[in-house]
Structure formats: C-alpha cells, structure tokens
1. Picking from 260, 384, 250, whose Cα lies most toward the positive end of the charge dipole for the chain (charges on Cβ: Lys, Arg +1; Asp, Glu -1)?
2. Can you compute the helix-only [θ] at 222 nm over the chain? Use -39500 (n - 2.57) per DSSP H run of at least 4 residues, normalise by all residues, nearest 500 deg cm²/dmol.
3. Once amide H atoms are built 1.01 Å from N in the peptide plane, which residues 5 or more positions from residue 201, or in another chain, come under 5 Å H to H?
4. Please give me the summed charge of the neighbours of residue 130: other residues whose Cβ is under 15 Å from its Cβ, Lys and Arg +1, Asp and Glu -1.
5. Taking the Cα centre of the stretch 15-138 as origin, work out the dipole magnitude from +1 charges on Lys and Arg Cβ and -1 charges on Asp and Glu Cβ, in debye rounded to 20.
6. Sort the following peptides by mean Cβ neighbour count (other Cβ atoms within 10 Å, averaged over residues), highest first: 35-44, 230-239, 368-377, 94-103.
7. I'd like the Karplus ³J(HN,Hα) series for the stretch 333-348: coefficients 6.51, -1.76, 1.60, θ = phi - 60°, whole numbers in Hz, and an x wherever there's a Gly or Pro.
8. Excluding residue 291 itself, what net charge comes from residues whose Cβ is under 15 Å from its Cβ, given Lys and Arg +1 and Asp and Glu -1?
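Only the coordinates and a few stated rules stand behind these numbers; no lab work does. Since the structure is predicted, the reported quantities are computational estimates derived from the model, not experimental observations. Note that each Cβ is placed from the backbone with ideal geometry, even for glycine, and that neighbours are counted across all protein chains shown.
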Amino acid sequence: MSVTGTAYSPDLTSDEFQTNPWPIYQRLRNTDPVHYSAQASAFLVVKHADVAAALSDRRLISDFPMRASRRLYGPTVLDSEGQQHREMRQLFAPMFGVSGVKRWREEILVPVVEEVLDAVGDATEVDFAEQIAVAVPYGVVTRLLGLPPGDAPWIRPRVKPLAGVIDLPPAPLDDARAAKKELADYWEHLLAERVTGERPTLIDLLVPPGQAVDPAQLSTAILFLLAGTETSVATISTVMHTVLAHGIEPDALLDDRFRTQVLRETLRWEPPTHSVLRYAATSMEIRGVRIPRRAALLLSLGSANRDEEAFADPDTWRPERTETRNLTFGAGPHTCLGIQLAMAEFDVLFERMARRYGRLRPGAPLAPLRGHVFRAPEHLRLAWQRRERIA
C-alpha cells in the first residue's frame, strides 16, 4: 500500500525534537509507527519490534554510495555488507572479545582513568564534560590506536566535524573532508616513524608494519577514532547527569551489580545515539507501509527503548529493571563491535570515581540533554568531596 500517514510530521531539527523527543516518539508509535519524513527524505521507524526486526533484516543495508559516511570514508566496516563486512569484523574481533577486553582493562582502561582523576587533583568542582567525559575516551582510544596520548587536544577538534556530518541536522561535508585530510596526513607521518611494540595496536592490524599505507586503511582507522570517542563522551556525561538527577550516592556505585544496572538502564533510558540509517535493497513493507527500493530508513533506537510494548513504565529510570531488550548498541550483523570494551570503560570510570569521592552534587543547574546521533548534556559541572581514604 502507499503511504498516507497522518497530518502530523515533526520537525526533526527543532529544539523540541533535539531536547525532548520522547512525546514525539510516543505519538508516532501510537499513530504512525512507520512515518515518512519529507524533511529527512527517510522513513522513521519507531516501534521496538519493527526496529529490532529491521536491524537483522538482510533486505535493509548500510552499503549505499550516496550515504554521507560512505562519501567521506569509502567502504568501511560501517558501510559494508556480506562477506566484506564479516571479514572486516573478524579482523578486529580478537581485540574486542572477552580476552581482549580483559587485557585492555588492565593495560589501558584502569591506567587512563587513574591518570585522568589524578589530573583533577584536589579540585572540589570540575567541568565534568571536558575534564572527565572527554579525557577518558580520548585517552583510551589514542592508546588503542597507537597514537601519542598527548595529541588528544589536537585530535578532538578534527574529530568533531566527522561526528557532525552524520548527525541530524548534518554538518557541512566539506568541513569533515578537510578534518579527515588533516588526520590522514597526521597518521601517515606517524606510521612512517612508528616502532612496533610487543603487542599490536589496532593500527598495526589495519596497516601491518612494512606495508604501504592504503587510503582505505587510514579511512577505517579514522572511523574507529570517531566511533570510540564521541559516543563514549556522550554516554559518560549522560550517566553522570542521570546519577546526579536521581541523587545516587557514590557508596551505591561501589556495588558492582548496582553499578552495572545503572549503566545499562541509563543506556536504555537516554541512549547516546537515537537512530541508525539503513537503505532498502529491494521494495518491501513494514506494518503495511510500502518502502520503495533504495529508500532511506531511520531506525529509532531511542524510541524503541521507550516502547510501552517492550518495557514496563518505559519513561521511568529504574536500574533494577529486568527487561533485556535494550537496542542501544544495535542488533544483527552491525551490532556495535566495541560493546564490551565500551561497557568496561564506563564501569572502570564510575567504579574508580566512587572509590575516590564520597559525595557528588551538581556544580551548576543540570542542563538538558540535546542532540540526536550524539546526544548529551550541553554542559555539566560537578561538585564532589574527596574521601579521606580511597575505598
């Protein structure tokens, strides 16, 4: 059947949608769950069952030549399908599996978190977003990729335009291309002078020592740099924002089980990425709505995570929640490759903070969360009281 939908069509770039999309998602779930947005030139899919099915549906693909990320990076693990996609994932799987993450936890995660917290010193108030939420992911990813950690302040301003081009509304592609070229030139210089250590880094897997640098390999490395930083920056800020808003004390976060529940529920309740893009490889239907071949679909992870048919009382933040159908990290062939590493990073940070600080309070009124693909508080100041003895 053809799409007629309802007269209601939300403005996806409005302040309302960027800051409080939840009533909009609910209205669409109830009245128009496969909504065509002329503004986005895409179908917005908002029901949990439909999003979950679509993420595993082989008729919906990421590989599309006019996609902004494809035009910027070329074929990568993000924008490939089939055998090519499987081979790319298999290359990195050992580094992101259980044994790999166990190694990174001790060799990188704990030292980086301790270094970041040490740098704060005895300050009683910090700009949490910049001093902690940015510093930890960039400290981790630079080490994973074999980059000098001290270069992170130079790297981030060049990563931000790469993030902007896949956000909603998108930033200019020309800005992202210029930033990508700077990062590629920087990386080529480092690779020409690298000394391989005992343990390979991600860049050693992509560009084995002695091998000529392929632009496609550099593009994949730059994509990993983006994927491992800005989503984690958003998540860390959002978890702290949620902890403060709900009055959770550090002593509670010392409990491993409760800390894990807090992380998982926050990722469901306020995911850092609200939608992922797919394209129809063939004509198809979802809930009786015809999806033409080559049509774009925005699969709404944010709406799916608040669907009343998947979660009881979905708009309430409940760490003790037992439902496990959270779609924040995706599902199917394109499930986030770094999910275990990301969860370990968040766990180490909040566990080590809880050891050091016995009291957490907002240092300023909590700002609303904002954004769509990279959603986080606009700013976050934190007042804390150091424990006399580290727990």
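1. Most positive-ward Cα: 260.
2. The per-residue figure over the chain is -14000 deg cm²/dmol.
3. Here nothing satisfies the definition.
4. Summing Lys/Arg as +1 and Asp/Glu as -1 gives -1.
5. Once rounded to the nearest 20, the dipole reads 1020 debye.
6. Sorting 35-44, 230-239, 368-377, 94-103 by mean packing, highest first, produces 230-239, 368-377, 35-44, 94-103.
7. Going residue by residue, I get x, 9, 3, 3, 5, x, 4, 5, 5, 4, 5, 5, 4, 5, 5, 4 Hz, with x marking Gly and Pro.
8. Within the 15 Å Cβ shell, the charges total +4.
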